[in-house]
Amino acid sequence: MMTPLEHLSRNGRLDKFFIGGEWRAPSGAAEGVVVNPATEAVVARFPLGNGADVDAAVDAARRAFARWSRTKPEYRADLLDRLQALLEARGELIAQCLTLEMGAAIGYARSAQVPLAVAHVKTARDVLKSFAFVEQRGHTAVTREAIGVCALITPWNWPLYQITAKVAPALAAGCAVVLKPSELSPLSPLLFAEAIEEAGFPAGVFNLVNGDGAGVGAALASHPDVDMISITGSTRAGIAVAEAAAPTVKRVAQELGGKSPNVILPDADLDRAVALGVAAGFRNLGQSCSAPTRMIVPRALLSQVESIAERAAGEIVVGDPLAETTTHGAIANGAQFDRIQTMIGVGISEGAKVVAGGPGRPGGLNVGLYVKPTIFSEVRTDMRIAQEEIFGPVLCIIPYDTVDEAVTIANDTVYGLGAHVQGRDMDRAKDVASRIRSGQVHLNYPAWDPHAPFGGFKQSGNGREYGLEGMLEYLEVKSILGYF
């Protein structure tokens, strides 16, 4: 099997954008580089777009929108079916690509990054098939119509997953889109664009322009012919996009940062709650905005929690992302690696107790962006490591004395994206969940649900993704009186 770079180079995709149904050369000469996090070596170069490329993509989307938005839902659903099948067929190639460009362990890329991304396409298709675009209210028709041209900005930590979570419902709704993926993970989006092309979506319905925030993101956010912008990224980036979008009064959906709590209630199955809590906090090497990186535990059980957490961390295998035995690969990029190392140092300087891990690379790994999965205990909620999003495998164990205090600690953050609650008494667990200010709460580690709306309270953003609510974000409401 060809490597992702061989595939993209052979097909002439690596140095082009997908605009108006064609692979086009960029209008400028600026370049970005792809760094393999496992080796820290530059493995590819690719063009960075500019305002002219954005104009071309938005124009193509605008021209395609009028016809696409009026197609039958069954037609759009059929195209999504084809897209799902093509992504599944390319699953191994995409997994290899994710390992190369952002350091994901190959087993995790195969079992999570790719199939969960494909699930968003299936979910959007399923929602579309049962969605009522016209609702009768007496003599009035309340209709839902595609909002228009949507600019979609996606991050580097879940490169394909975040693309399908936005693109699939937008296309299902009848919108035309321009995608700007992260300049730190630009390869898997090119594979996605190939699948879109092969599936047979009409020209201009989907457009891809690689580039950075200054050259492409800002141009999309301020573009007068963009009707909506959806961004997943840092809170800082979300604010910048909202400010740029304000003069044209376009809709802005933001899925931003998080510092999610995991409340372990006194009656929880401690072995299960703590071990799975470590796994959840460290999924994707902690590079997930909703990862539960604050474990809030009964003070009387603190020593037991520490022992279980230390044992769970010891089972993690950090190493070569391509090795089948590796559970956790390399941090996705150098800036994030440095951030994690800095914050581990901050935790130590603040007086937190190191239960596992610490600064530096794991033993025997002298090259590559590898970090030690780190667990701090005796963390106070006023410490920086308890308040700031680290975006790495760093878990804070925070003790509490009463359940009311646990809820207070859970809510003591500017964020409100995800949360977890563990306990045998479901009435009490549900009560605690109802008091936590976050967009999603998981009780006792349930199975992932692609139909469960996902999004944040407070500085974690606004709007929702996934399922029915994910498609509603891309629709406008119109009432037609006297229709019936």
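Among the residues of the range 47-61, is there at least one that is within 29 Å of residue 284 (Cβ to Cβ), in the same structural domain as residue 204 (by TED's automatic domain parsing) and either of a type outside the set (A, V, I, L, M, F, W, C) or out of contact with any Gly (no Cβ under 7 Å at 6 or more places or on another chain) (or both)?
Here is the first cut: in the range 47-61, the residues within 29 Å of residue 284 (Cβ to Cβ) are 47-49.
Retained after the next criterion (residues that are in the same structural domain as residue 204 (by TED's automatic domain parsing)): 47-49.
Filter once more, keeping what is either of a type outside the set (A, V, I, L, M, F, W, C) or out of contact with any Gly (no Cβ under 7 Å at 6 or more places or on another chain) (or both): 47, 49.
Yes - at least one qualifying residue is present in the range 47-61.
Just need a number here: residues in the range 433-484 that are under 22 Å from the mean Cα position of the chain (by Cα) and of a type in the set (Ser, Thr, Tyr).
Final tally of qualifying residues: 5.
Return the only residue of 5, 14, 83 being crowded, with 21+ Cβ neighbours inside 10 Å and not hydroxyl-bearing (Ser, Thr, Tyr). Break it down into steps so the answer makes sense when it comes.
Details: 5 fails: crowded, with 21+ Cβ neighbours inside 10 Å; 14 fails: crowded, with 21+ Cβ neighbours inside 10 Å.
Within the list 5, 14, 83, the selection yields 83.
From the list 390, 398, exactly one residue is touching a strand residue (DSSP E or B) at 6+ places or on another chain (Cβ under 6 Å) and in the same structural domain as residue 287 (by TED's automatic domain parsing). Which is it?
Values: 390 fails: touching a strand residue (DSSP E or B) at 6+ places or on another chain (Cβ under 6 Å).
Exactly one residue qualifies, and that residue is 398.
How many of the residues in the range 455-473 are assigned to a loop (DSSP other than H, G, I, E, B) and in contact with a Gly (Cβ under 8 Å, 6 or more places away or on another chain)?
So the count comes out to 7.
Do the conditions hold for residue 61, that is, is it buried (at least 24 other Cβ atoms within 10 Å of the Cβ), touching a strand residue (DSSP E or B) at 6+ places or on another chain (Cβ under 6 Å) and either part of a helix (DSSP H, G or I) or of a type in the set (D, E, K, R) (or both)?
Yes, satisfied.
If you check every pair at least six apart or on different chains, which have Cβ atoms under 9 Å apart with a residue in the range 135-152 that is at positive phi first and a residue that is not in a loop (DSSP other than H, G, I, E, B) second?
Matching pairs, first to second residue: 148/61; 148/62; 148/65; 148/176; 148/228; 148/476.
Report, by residue number, each residue of the range 395-432 that is acidic (Asp, Glu), without any contact (Cβ under 8 Å) to a residue 60 or more places away in the chain and either farther than 20 Å from residue 378 by Cα or outside any helix (DSSP H, G or I) (or both).
Correct list: 412, 427, 431.
Quick grid of which residues meet (1) farther than 23 Å from residue 159 by Cβ; (2) modelled with pLDDT under 95:
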position: 230; (1), (2): no, no
position: 234; (1), (2): no, yes
position: 261; (1), (2): yes, no
position: 269; (1), (2): yes, no
position: 273; (1), (2): yes, no
position: 278; (1), (2): yes, no
position: 286; (1), (2): no, no
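Can you name every one of the strands (runs of 3 or more DSSP E) wholly within the range 1-41 that holds 2 or more residues which are aliphatic (A, V, I, L, M) and under 29 Å from residue 369 (Cβ atoms)?
The strands (runs of 3 or more DSSP E) meeting that bar are 31-36.
Please indicate, with yes or no, whether at least one residue in the range 448-465 is within 24 Å of residue 270 (Cβ to Cβ) and surrounded by fewer than 14 Cβ atoms within 10 Å (Cβ to Cβ).
Yes: the range 448-465 contains one or more residues that are within 24 Å of residue 270 (Cβ to Cβ) and surrounded by fewer than 14 Cβ atoms within 10 Å (Cβ to Cβ).
Could you count how many residues in the range 353-388 are outside any loop (DSSP other than H, G, I, E, B) and among the β-branched types (Val, Ile, Thr)? Spell out how you get there, then give the answer.
Looking only at the range 353-388, we keep the residues that are outside any loop (DSSP other than H, G, I, E, B), and these are 353-356, 374-377, 384-387.
Among the residues that remain, those that are also among the β-branched types (Val, Ile, Thr) are: 354-355, 374-375, 385.
Summing the residues that are outside any loop (DSSP other than H, G, I, E, B) and among the β-branched types (Val, Ile, Thr) in the range 353-388 gives 5.
Table: residues versus (1) within 26 Å of residue 97 (Cα to Cα); (2) surrounded by fewer than 21 Cβ atoms within 10 Å (Cβ to Cβ); (3) not assigned by TED's automatic domain parsing to the domain that holds residue 378.
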position	(1), (2), (3)
207	yes, no, yes
217	yes, no, yes
235	no, yes, yes
242	no, yes, yes
293	no, no, no
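The values are calculated or read from the model by the stated rules, or taken from the named source; none is laboratory data. Computed from a predicted structure; not experimentally measured. Note: ideal-geometry Cβ built from the backbone for every residue, glycine included; neighbour counts use all protein chains shown.
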